[in-house]
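Once you've had a glance at the structure underneath, I'll fire off some questions.
Values in this text are rule-based calculations from the coordinates and carry no lab data. These numbers were taken from a predicted model, which means no experiment stands behind them. Neighbour counts are summed over all protein chains in view; Cβ atoms, including those assigned to glycine, are modelled from backbone coordinates with ideal geometry.
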Amino acid sequence: MVTKTINIKESAYHALRAQKRAGESFSDVILRVTGGEEKSVCDFLETIDPAVRSEIAETVRLAKSGHDRVKPRKVSL
């Protein structure tokens, strides 16, 4: 990975640090807040609290199981 050294004001550093999430690098923060890089759904889910992630997974599982039981109507010609 290529790196560049940049100079920023201390106030900018503190503002950036305040936006930083657990496990996120400063580069990740900059890209997230500027919309500089698209992320996949999996990347997004990794930023969510594990308890919330489990709740989302359960909701998707329940919705999918309900969808799997639905059978299309027969079309009469």
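DSSP loop trypsin sites (Lys or Arg not before Pro) in the stretch 1-31 with at most 16 other Cβ atoms within 10 Å of their Cβ, which ones? Provide the component values of the computation, followed by the final result.
Values: sites: LYS4, LYS9, ARG17, LYS20, ARG21; in loops: LYS4, LYS9, LYS20, ARG21.
Answer in residue order: LYS4, LYS9, LYS20, ARG21.
DSSP loop GluC sites (Glu not before Pro) in the chain with at most 12 other Cβ atoms within 10 Å of their Cβ, which ones?
Counting only loop positions with at most 12 other Cβ atoms within 10 Å, the GluC sites (Glu not before Pro) in the chain are GLU37, GLU38.
Please state the charge dipole magnitude for the chain, taken about the Cα centre, from unit charges on C-beta atoms (+1 on K and R, -1 on D and E), reported in debye and rounded to the nearest 20.
In total the dipole reaches around 460 debye.
Here's another thing I want to ask about it. Work from the charge dipole of the chain (Cβ charges, +1 for Lys and Arg, -1 for Asp and Glu, about the Cα centre) and give the residue of THR3, ALA57, GLY36 farthest towards its positive end.
ALA57
While we're on this one: DSSP loop (so not H, G, I, E, B), at most 16 other Cβ within 10 Å: list which trypsin sites (Lys or Arg not before Pro) in the stretch 28-64 pass both filters.
Those that pass, being in a loop and sparsely packed, are LYS39.
Now for a different question. Between ASN7 and GLU24, what is the label-point separation in nm under the 7 Å Cα-to-beta-carbon projection?
Going by the 7 Å Cα→Cβ label model, 2.8 nm.
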